[in-house]
Each structure stands twice: as structure tokens, then as C-alpha cells.
Amino acid sequence: MTESNTIHFPRVIGHRGAAGHAPENTLAGFRTAAALGATWVEFDVALTRDNIPVLLHDETLERTTDGTGKLAEKTYQELSGLDAGAWFGQAFAGEPIPRLDTAVALLDTLGLCANVEIKPTKGRARKTGEIVGRTIADKWPKSMRAPVFSSFTSEALTAARESAPTIPRGFLMHRMRRDWREQAEALDCLSIHCNHRILNADRARQIRDAGYRLLAYTVNDAKRALQLTDWGVESVFSDFPDRILAI
Ligand code: G3P
Ligand code: MG
């Protein structure tokens, strides 16, 4: 496995696959990202009731599938017939909610590296971090460059660190947190992943000067990406990776 200090972040990481072009957090999204020229994708992982890690952003099924109710209350079997693509477009009808191990196998086939965002549902942070960590430690092909974990939830990153100590971690921030240094240091993070709206040149410098790699989400405007790059942002997460690759 690649050591964390040799991680090479690309200019752009496909957000939830390539969420502007294909349904988020689906295998079709990964294929689309690869076809657009992305070399990395970001996706969100949570647990079913029976502790199967699957790709889903929301706590509930309604927005991105034809199911209803809370993910944490469904077994994997109950999710297996759901459609996670038709809401986005009929061309994607029949896309399943992917299991994490299935997603990893496709990333290997496509040669895509990943930022695995651990997105625990309420009260399940430790378990989600532990299981996602273990799944990646077991299933991530040794021939591939190491992925990076990230989470807004410190407890999930702590658990992932325990089950997959060699996989680097990124600390996610949606709003500026006063304690970001303490959090990142305690979790021995490689990187800080910020909502781009909370960044300015000064904050970016502080994060870089503290020794952290800096990534920003969700950036769909090429000019904004250039400005962030000037401030020291290495990678932007984009729903339209093609727009960023074009500059
Ligand atoms: O990991 C970057 C970004 O995906 C975090 O926010 O809500 O899109 O998962 P969200
Ligand atoms: Mg995410």
C-alpha cells in the first residue's frame, strides 16, 4: 500500500462519482467519471441495519432512490431491488445502491483512486468507521494507489484509523471550526477537506502552513477552481470534473 506521504492528489476529484452527469454514488457515476478523464472519485458510505457498507449520501432513501424510509432501518436484502438511477434519468434506470466491496472492484477495473467519505447515520459513527476501515483494508487491491478516508465525524475517523491504520485521513469541514487544528492533529490527518465557500487566501495559508494538504468541495466553476489553486488547494471535488480538466 502506498504510504500517505506519497499520495498524489489530482487537480480534480469526481464528486459522488460525477454527480452532474450521472446519478450520485452509483457504479454508472464511476464509469462516467472515468470516461470524462477523472483519475479519482469521492463517494459517501453508510451502513445498512445489518452492517453492510453501501454508497448513499442521505440518511433516507427518498431523494436518490425509489425506496422510502431510513437507510439505517433497512437490511441490505431490503435495498437490493431499489433503483438508484431512474430519479436522475431514464438512461440510468436499474442502477443499484452499490455495496462498498462492489464499488472497490469497479474502481480497480477502471483504474480510479478514491476518497472514501465515511458518512455515518445517527448514532453509528464508531461502527461505520470500523466497518468501512476494515472493508477497505481487506478489499482495496494492493496494486492500486492508496485511497483516502474523510469524514465530518471525528469518531468515525478514529475508528477507521484503528481498523485501517495505513490509510490516510482527511478532516472535513463544512463551516470553519475553531478546533480544526486539534481535531486534525488528534486524528493524525493528512489533509483538510473544506467547503470552498469558507476558504479565503488567509485561511488556506493557515491550513497549508500547519502542514496539511488542502482540498475543497464542491467546485463546479472553473474560475473558482483556479483561484483556489492559487491559494494552495491541491484538489477540488467537482460534479463536473470535465469542466475543471478543461482548464
Ligand atoms: O467529501 C466532500 C463532500 O462530498 C462533502 O460533502 O455533503 O457532498 O458529502 P457532501
Ligand atoms: Mg461526500
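See the values below:
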{"quantity": "Residue 39 accessible area, 1.4 Å probe, all protein chains in place, Å² to nearest 10", "calculated": "60 Å²"}
{"quantity": "Cut-off of 10 Å, at most 12 other beta carbons, DSSP loop: longest stretch of the chain lacking such GluC sites (Glu not before Pro)", "calculated": "63-247"}
{"quantity": "Residue order for 154, 238 - accessible surface, 1.4 angstrom probe, largest first", "calculated": "154, 238"}
{"quantity": "Solvent accessible area, Å² - residue 243, 1.4 Å probe, full protein context", "calculated": "100 Å²"}
{"quantity": "Positive-end extreme of charge dipole, the chain - chosen from 102, 211, 13 (charges on Cβ)", "calculated": "211"}
{"quantity": "Within segment 83-235: Cβ-based charge dipole about Cα centre, in debye rounded to nearest 20 (Lys, Arg +1; Asp, Glu -1)", "calculated": "300 debye"}
{"quantity": "Dipole magnitude of segment 151-247 about its Cα centre (Cβ charges: Lys, Arg +1; Asp, Glu -1), debye to nearest 20", "calculated": "280 debye"}
{"quantity": "Cα-based equivalent ellipsoid of segment 101-247: semi-axis lengths in Å, sorted from largest, via gyration tensor", "calculated": "25, 20, 13"}
{"quantity": "Largest-first ellipsoid semi-axes for the chain, taking √(5λ) over the Cα gyration tensor eigenvalues, angstrom", "calculated": "26, 21, 17"}
{"quantity": "Residue 163 - accessible surface, heavy atoms, 1.4 Å probe, Å² rounded to 10", "calculated": "30 Å²"}
{"quantity": "At most 10 other Cβ within 10 Å, DSSP loop - trypsin sites (Lys or Arg not before Pro), segment 49-87", "calculated": "63"}
{"quantity": "Using a Förster distance of 22 Å, the FRET efficiency for residue 59-residue 195 (Cβ separation, nearest 0.05)", "calculated": "0.70"}
{"quantity": "Amide H contacts under 5 Å for residue 124, placed H, 5+ residues apart", "calculated": "none"}
{"quantity": "Lysine pairs meeting the criterion (Cα under 21 Å, 8 or more apart or interchain), as found in the chain", "calculated": "9"}
{"quantity": "Segment 80-175: radius of gyration over Cα atoms, expressed as a fraction of 2.2 N^0.38 Å", "calculated": "1.17"}
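The values are calculated or read from the model by the stated rules, or taken from the named source; none is laboratory data. Since the structure is predicted, the reported quantities are computational estimates derived from the model, not experimental observations. Cβ coordinates were reconstructed from backbone atoms using ideal geometry, including for glycine residues, and neighbour counts include every protein chain displayed. Note: accessible area is taken over every heavy atom of the protein model, side chains too, but ligands, DNA and RNA are not part of it. Shrake-Rupley method; radii C 1.70, N 1.55, O 1.52, S 1.80 Å.
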